[in-house]
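To start, the structure itself, in structure tokens.
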Amino acid sequence: MSARLIDGQAIAAAIRDDVRGRAEALRAAHGYTPGLATVLVGDNPASATYVRMKQKACAGLGLRSVPHVLPADARQPEVQRLVEALNADPSIDGILVQLPLPGHLDEESILSAIDLEKDVDGFHPINIGRLAMRNRTPLFIPCTPFGILRLLEETGVTLRGADAVVVGRSNIVGLPAAMVLQKADATVTLCHRHTRHLARHLRHADIVVVAVGQPELVTGDMLKPGAVVIDVGINRKPDASRPNGYRIVGDVDFESARAVAGAITPVPGGVGPMTIAMLMHNTLRAAERHAERQRLATLLPAT
Ligand code: NDP
């Protein structure tokens, strides 16, 4: 058996088309363009690249991006003041604070300072809390886990009652991915560095999400036949046959997994394109909510 490929490029392109159309409709109806503010603290090259990719995605969809860059030694009050100014700016619909922040900054306080309505990255503690709890609905779901959910939806796999294993419990991917799956009524096992018998857990899983950062950690012999496999990892593996001396591989050994799984994401071209597409989706939703609040304010002026 060879698994069906889950085409993240195509699914992300459809999401971007939807955002482009809705942004156009918003402009036609309300005369304004959704705005995403990005906040980059320091000069971490990977973070700078991610922020540039997000700005480029905005430009391609008719969204405004407003970049803010603070020096690596920016103090806590300076970052908080910037976030508060962006909260108060009616031309900004979404605020993205690029993580990780330099170690001297209190990440939780900065994320808590973001207006919930502008928390398009979904990391405000209230949004995360709502994602975790029953009978609560977050305003925004973090972009990579949201992208994973969309990929799973596209496969047609039934999430309710499915046995799901998430490998990796980082705040930005693994943990919120597990929370999304449990909210969708899957039975979720969350594995990490101290998990004994990883393969034993994986072998019973209908759905496997791997977000570890270790090249090809999960191999086909660990998987249940027919499992749906979402590989979040992005790793460089030395490859002398390539001009740059490496190739990009995931956290799953693609060839052996493909022979066992029912459906699988490739790396690259699986989860990667989804993260920014979901950020665009969240920003557009924030702008639509903003427009609706303004419309109501016009209908119901304060007395
Ligand atoms: P982190 O390093 O923050 O977290 C890694 C997690 O993996 C930790 O929870 C760690 O456990 C766990 N882990 C490490 N080794 C093992 C092991 N041998 N067995 C089981 N669990 C293990 O990574 P991120 O979550 O930020 O990223 C994971 C991968 O996803 C990376 O390759 C990254 O590049 C990629 N990524 C891709 C994105 C995309 O858009 N496609 C977006 C974000 C990340 P413990 O908690 O015990 O330390």
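Inspect segment 31-53 for any residue being crowded, with 20+ Cβ neighbours inside 10 Å, touching a Ser or Thr at 6+ places or on another chain (Cβ under 9 Å) and part of a loop (DSSP other than H, G, I, E, B) and give the result as yes or no. Checking segment 31-53: at least one residue is crowded, with 20+ Cβ neighbours inside 10 Å, touching a Ser or Thr at 6+ places or on another chain (Cβ under 9 Å) and part of a loop (DSSP other than H, G, I, E, B). Within segment 7-19, the set of residues being surrounded by 18 or more Cβ atoms within 10 Å (Cβ to Cβ) and under 12 Å from Gly272 (Cα atoms) comprises Gly8, Ile11, Ala12. Counting the residues of segment 225-256 that are of a type in the set (Gly, Ala, Ser) and either open to solvent by 50 Å² or more (accessible area, probe 1.4 Å) or within 16 Å of the ligand (Cβ to nearest atom) (or both) gives 4.
Hey, does segment 274-287 have a residue that's modelled with pLDDT under 95, more than 16 Å from the ligand (Cβ to nearest atom) and open to solvent by 50 Å² or more (accessible area, probe 1.4 Å)? Checked segment 274-287: no residue is modelled with pLDDT under 95, more than 16 Å from the ligand (Cβ to nearest atom) and open to solvent by 50 Å² or more (accessible area, probe 1.4 Å). Glu107 meets each of the listed conditions (1) out of contact with any Gly (no Cβ under 8 Å at 6 or more places or on another chain); (2) within 16 Å of the ligand (Cβ to nearest atom); (3) touching a residue at least 40 places away in the same chain (Cβ under 8 Å); (4) open to solvent by 10 Å² or more (accessible area, probe 1.4 Å) apart from (3). Residue pairs whose Cβ atoms lie under 7 Å apart, separated by 6 or more positions or on different chains, with the first residue in segment 204-226 and closer than 20 Å to Ala177 by Cα and the second of a type in the set (Ser, Thr, Tyr), are Ala211/Ser170. Inclusion of Ala29 among residues that are within 20 Å of the chain's Cα centre (by Cα) and of a type in the set (Gly, Ala, Ser) is not warranted. Within segment 178-195, the set of residues being open to solvent by 50 Å² or more (accessible area, probe 1.4 Å) and hydrophobic (A, V, I, L, M, F, W, C) comprises just one member, Leu190.
The values are calculated or read from the model by the stated rules, or taken from the named source; none is laboratory data. Computed from a predicted model, the values in this text were never measured in an experiment. For neighbour counting, all protein chains shown are included, and Cβ atoms are generated from backbone atoms with ideal geometry for every residue, glycine included. Side chains included, ligands, DNA and RNA excluded: accessible areas come from the protein's heavy atoms. Shrake-Rupley method; radii C 1.70, N 1.55, O 1.52, S 1.80 Å.
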